[in-house]
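Written out below as structure tokens is the structure these notes cover.
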Amino acid sequence: MRFIQNVLLVTALSTTFVCANSLLEEAKSCGLEPIPENIDELLSYINDKNDPINYQKIELGKKLYFDPRLSKSGIISCNTCHNLALGGADGVDAAIGHKWTKNPSHLNSPTVYNSVFNQIQFWDGRSPHLADQAQGPIQADAEMAAPKELVVERVTSIPQYVEEFKKAYGNNVKITFEQIASVIGVFERTLVTPSPYDDFLHGKTNALSAKEKVGLELFMEKGCTACHNGIALGGTMQPFQVAEKYKFISLGGFVGDKDGMVKTPTLRNIAQTAPYFHNGGIWSLKDAVKEMGSVQLGIDISDKDADSIVDFLQSLTGKKLVITYPMLPASTDKTPKPSAD
């Protein structure tokens, strides 16, 4: 484990020597990738052969994403913790769920925007994709607290939902808990947010301001791209606390997976998703940049350089889809009643 950490540290600190000359070439050589402009190329990322995207699935998944009846109490939806009007997160340090329970490990809700580009889901990387990830929070006692059987009974008791599943999947569809989670994942896969940063990587060199370009140069020079790369600028499992201890590591007690690896969060829309780190311990983006320098890179990032990197991070705020809040179908006499127990 220590060997892996040392390799990562050396790689990060040497990034400036292996990247190319011009800023755009350097960015590409450091593993930075834009959200594809070409729709067919984009679909190759967001589509899934196990549950291909179509309009009916997207609209059904959106309704279920916003439907609080998928929770035991009937008042918590996916959008509660992954609020699409709040950068896809909830703006609090630790997720709050059933009976106002804080996440037992004080884990912060990651943004759902661009989560399709993550290689894995959850802070400990235990889920391979969004369809699988959606199953966890619905059932978790400290989140939506709804058993599988209750979720299926609620959905199938509503004739409009049954009809919409048939339109999306065919008349012979069996509405299972896994199918419900999967169609929510279909909707979530569409939540991509191209930004000025992507325009720059596509060759529109004026898409970034002079200040943002300085910040991008420093972002690469300092070694941030060792973990924050690819389309997601994160989304992979990496060693944590490579150089120093994170100052709030005791908050919640989460130390990663069995190997001490933690999912690197996406930096897309990072200016809209405070607080930061897995336990929401830091509220200032500038402070988060400085802490990452210490914890992961073993360097002291000056206030001036941190301000410049934050200028660059602002360019990662992307254009959001216009989401019309769906009108949800009415419950029936057969729909199980909400419970606060």
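Brief remarks on what is shown
- A dipole drawn for the chain from +1 and -1 charges on Cβ atoms has a positive end, and of 42, 66, 131 the residue lying farthest that way is 66.
- When you work out D = kT/(6 pi eta Rh) for region 115-212 at 25 °C and 0.890 mPa s, using the Kirkwood radius from C-alpha pairs as Rh and the Stokes-Einstein form, the result is 152 µm²/s.
- Neighbour-limited loop hits for GluC sites (Glu not before Pro), region 201-268 (at most 16 other Cβ within 10 Å; DSSP other than H, G, I, E, B): 244
- Residue 255/residue 56 FRET efficiency (R0 41 Å; Cβ-Cβ; nearest 0.05): 0.45
- Separation of alpha-carbon centers, region 234-265 and region 271-341, rounded to whole Å: 17
- Candidate cross-link partners of residue 49 among the aspartates and glutamates, defined by an alpha-carbon separation under 20 Å and a same-chain spacing of 8 or more, comprise 40, 41, 59, 132, 178, 188.
- Violating pairs (Cα-Cα greater than 18 angstrom) within the set 204/304; 28/304; 211/247; 213/304: 204/304; 28/304; 211/247
- Once the Cβ-Cβ distance of residue 328 and residue 300 is raised to the sixth power relative to R0 = 56 Å, the FRET efficiency obtained is 0.60.
- Among residues other than residue 56 with Cβ under 14 Å from its Cβ, the summed charge is +1 (Lys and Arg +1, Asp and Glu -1).
- Residues whose placed amide H lies under 5 Å from that of residue 282, excluding near-sequence neighbours: 276
- Using Cβ point charges alone (K and R +1, D and E -1), the dipole size of region 46-189 about the Cα centre works out to roughly 240 debye.
- Net length available on complete extension from residue 341 to residue 271 is 21.5 nm, with 0.36 nm assigned per residue and the Cα-Cα distance removed.
- Seen from residue 114, the other residues with C-beta closer than 15 Å to its C-beta sum to a net charge of +2, counting Lys and Arg as +1 and Asp and Glu as -1.
- Oblate is the label for region 162-318, because a/c, from the alpha-carbon gyration tensor with a ≥ b ≥ c as root eigenvalues, is 1.5 or above and a/b does not exceed b/c.
- Three-way shape label, region 41-88, alpha-carbon gyration tensor, a/c 1.5: prolate
- Dimensions of region 46-189 from C-alpha coordinates, computed as largest minus smallest value along each principal axis and given longest first, are 43, 31, 27 Å.
- Multiplying the residue separation of residue 241 and residue 40 by 0.36 nm and subtracting their alpha-carbon distance yields 68.5 nm.
- For region 232-248, Karplus couplings with θ = phi - 60° (6.51, -1.76, 1.60), whole Hz, Gly/Pro x: 6, 6, x, x, 10, 7, 9, x, 10, 6, 5, 10, 9, 6, 5, 5, 10
Here, each number is a calculation from the coordinates, and none is a lab measurement. Fair warning: this is a prediction, and the values are worked out from it, not measured in the lab. All Cβ positions, even for glycine, are placed from backbone atoms using ideal geometry, and neighbour counts span all protein chains on display.
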